[in-house]
Amino acid sequence: GVTRLLLTRIPFFKEIIVSSFACDSCSWSNTEIQSAGRIQEQGVRYTLAVTSRQDMNREVVKTDCATARIPELDFEIPAFTQKGVLTTIEGIIDRAVAGLEQDQPIRRATDEEVANKIEEFIGKLKQLKEVHSSFTFIIDDPSGNSFVENPHAPQKDDALVVTHYRRTPQQAAMLGLELEEKPADSAEDLRNEVLQFNTNCPECNAPANTNMKLVQIPHFKEVIIMATNCDSCGHRTNEVKSGGAIEPQGTRITLRITDPSDMTRDILKSETCSVEIPELEFELGMGALGGKFTTLEGLLKDIRDLVERNPFTLGDSSAPSKTEKLQEFIGKLQEVKGKAKAHFIMDDPAGNSYLQNVYAPEEDPELKVERYERTFEQNEDLGLNDMKTEGYELEGASAR
């Protein structure tokens with residue numbers, strides 16, 4: 001047969017390689033995708049509660065390094081056992097069934113008991129497609145390049161939970177990443193120096209430089225700003241990391257937008273911060289857009305770009321009703337940037353986000369800052385439940 005390769009660019013994955021194989025003798029054909037772009041800074045885990053036949057039609061991008069699981073059946077497709085695919089949840093189950101059925105004739109001839117057990121399991125997988133009872137579908141991708149469709153975008157999907165996490169050293173090694181630790185120089189004053197290190201442009205992959213600087217935000221705390229400029233294609237990007245510890249309490253900041261001048265307020269949105277605009281029924285989950293130090297207008301522009309770049313909502317494969325709905329949302333977002341009144345809510349369990357008070361040090365009548373105790377689930381997402389900062393020396397000594 002003949003295998004054809006195409007290097008193409010799509011908005012969600014930057015660059016991918018599409019390979020298509022066709023055989024003229026038996027008419028068998030197959031397609032695969034591979035990510036040709038960079039590995040994301042964080043891994044991603046999608047947890048979907050499948051409750052209806054409509055959920056089986058959700059589009060799924062599964063890379064070759066992603067793991068797919070169905071806990072109710074104790075079923076798992078390990079990483080690197082299948083090539084990357086653009087399919088649906090039903091398509092992933094069909095591929096799993098086809099893989100298990102492939103060697104059944106040989107199993108029946110050699111070990112009939114094992115063949116019967118696998119046949120019974122195949123029947124359970126096929127029953128899942130009818131969705132007689134709900135089940136959980138999980139995709140865990142350390143590279144961060146997998147995706148599960150949210151048909152309700154840009155509104156929040158209650159059935160879909162997206163979690164971004166830091167890769168473990170084992171996962172980084174599996175992806176072929178080398179982590180080099182440089183010894184810290186305690187005598188160096190980093191606050192008065194702009195550090196620069198070499199990297200590759202996320203758009204054209206040309207050599208570029210990333211600048212890093214510690215900055216003190218007035219009436220707040222210290223943050224780390226990283227900016228990348230590419231001389232080849234002109235791409236520019238920036239990201240913000242919190243320079244301090246996680247606060248004892250979470251922070252919920254509510255701004256009542258009443259005037260176009262509110263668009264010029266400075267905003268620090270950390271990676272753990274979620275954004276909500278109740279008037280638009282819009283919610284941006286934790287980890288989306290990463291850390292940002294910008295203005296309110298700049299953050300709303302990033303939100304609009306995020307919606308417009310999603311190929312599953314405004315691309316060729318989207319439904320007309322969904323396209324009209326998102327165009328209406330973009331129009332309302334433009335009104336908020338102009339003259340419409342709305343509430344802008346930032347909820348950060350780590351307490352590392354900031355919204356400028358233009359009346360500082362006096363109170364801002366349109367700005368409300370609330371402190372609250374984190375829930376167990378929020379501490380679990382931040383990794384605090386397993387973290388012990390006091391008394392661990394004594395426990396280690398007694399264990400030895």
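The values are calculated or read from the model by the stated rules, or taken from the named source; none is laboratory data. Every value quoted in this text rests on a predicted model; they were computed, and no experiment measured them. Quick reminder, even Gly has a Cβ in these numbers, built from the backbone with ideal geometry, and neighbours come from all protein chains shown. Ligands, DNA and RNA are stripped out before the accessible areas are found, and what is left, the full protein with its side chains, is counted by its heavy atoms. Shrake-Rupley method; radii C 1.70, N 1.55, O 1.52, S 1.80 Å.
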Tell me, what is the 1.4 Å probe accessible area of Y359, in Å² to the nearest 10?
120
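As a quick test, which of the pairs K269/K341; K62/K124; K213/K241; K292/K325; K241/K301; K301/K322 have an alpha carbon distance above 18 angstrom in this structure?
Flagged as over cut-off: K269/K341; K62/K124; K292/K325; K241/K301; K301/K322.
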Can you give me the angle between helix 112-128 and the longest principal axis of the chain, using Cα atoms only, in degrees from 0 to 90, rounded to the nearest 10?
50
Hey, what do the phi angles of the range 280-296 turn into as Karplus ³J(HN,Hα) couplings, whole Hz, using 6.51/-1.76/1.60 and θ = phi - 60°, x for Gly and Pro?
9, 6, 10, 9, 9, x, 5, x, 5, 6, x, x, 9, 10, 8, 9, 4
Cα-projected label distance for E373 with N200, points at 7 Å along beta-carbon direction, nm
4.9
Between the range 140-176 and the range 70-135, how far is it from one alpha carbon centroid to the other, in angstrom?
23
Here are some values of volume of the Cα convex hull per residue in Å³: (i) 219; (ii) 158; (iii) 133. Which one was computed from this structure?
(i)
So how much accessible area does S25 have, in Å² to the nearest 10, using a 1.4 Å probe?
120
Amide H to amide H under 5 Å from C273: which residues, 5+ apart in sequence or cross-chain, H placed 1.01 Å off N in plane?
G287
Using each residue's phi in the range 248-265, evaluate 6.51 cos²θ - 1.76 cosθ + 1.60 at θ = phi - 60° and report the 3J(HN,Hα) Karplus result to the nearest Hz, with x for Gly and Pro.
x, 10, x, 10, 10, 10, 10, 10, 8, 7, 10, 8, x, 5, 5, 5, 8, 5
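Relative contact order of the chain, please, whole-number percent, based on alpha carbon pairs below 8 angstrom and at least 6 residues apart. The partial results should precede the final answer.
Numbers: 678 pairs, mean separation 55.9, N = 400.
Averaging sequence separation for qualifying contacts and normalising by length gives 14 percent for the chain.
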Do the sum for the chain: with -39,500 (n - 2.57) for every DSSP H run of n ≥ 4, divided by all residues, what is the mean residue ellipticity at 222 nm, to the nearest 500 deg cm²/dmol?
-7000 deg cm²/dmol
For A66, residues with placed amide H under 5 Å, excluding near neighbours:
F80
Which whole-Hz ³J(HN,Hα) couplings does the range 196-201 yield from phi under the Karplus relation 6.51 cos²θ - 1.76 cosθ + 1.60, θ = phi - 60°, glycine and proline marked x?
9, 9, 7, 8, 10, 5
No partner Cβ under 4.7 angstrom, meaning no disulfide-compatible partner by this rule: which Cys of the chain qualify?
C23, C26, C65, C273
Taking only Cα atoms and a 10 Å spring cutoff, compute GNM fluctuations for the chain and point out the largest among G43, G99, G291.
G99
Does anyone have the angle between helix 320-338 and the longest principal axis of the chain? Alpha-carbon axes, 0 to 90°, nearest 10?
10
Would you pull out the residues with amide H under 5 Å of N200's amide H, same chain only if 5 or more places away, H placed 1.01 Å from N?
A208
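Using DSSP to call loops (not H, G, I, E or B), can you name the chymotrypsin sites (Phe, Trp or Tyr not before Pro) in the range 64-135 whose Cβ has at most 11 other Cβ atoms within 10 angstrom? Please report the intermediate quantities before stating the final value.
Values: sites: F75, F80, F121, F135; in loops: F80.
Taking the range 64-135 and a limit of 11 other Cβ atoms within 10 Å, the loop chymotrypsin sites (Phe, Trp or Tyr not before Pro) found are F80.
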For K325, what accessible surface area do you get with a 1.4 Å probe? Give it in Å², rounded to 10.
100
Between T81 and E366, what's the calculated FRET efficiency when r is the beta-carbon distance and R0 is 60 Å? Round to 0.05.
0.65
Who wins for biggest fluctuation among E390, E32, E373 in a Gaussian network model of the chain, springs between alpha carbons below 10 Å?
E390
Have a look at P105, P142, P202 and tell me which one the Gaussian network model of the chain (Cα, springs below 10 Å) gives the largest fluctuation.
P105
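Provide the gained length on full extension for the span D103 to T237, in nm with one decimal, where the gain is 0.36 nm per separating residue minus the Cα-Cα distance.
On the way: separation 134, 0.36 × 134 = 48.24 nm, distance 5.01 nm.
Gain in length upon complete extension: 43.2 nm.
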Helix 89-102 vs. the chain, principal-axis angle (Cα, 0 to 90°, nearest 10):
40
Just in the range 89-183: which GluC sites (Glu not before Pro) are loop by DSSP and have at most 12 other Cβ atoms within 10 Å?
E130, E178, E180, E181
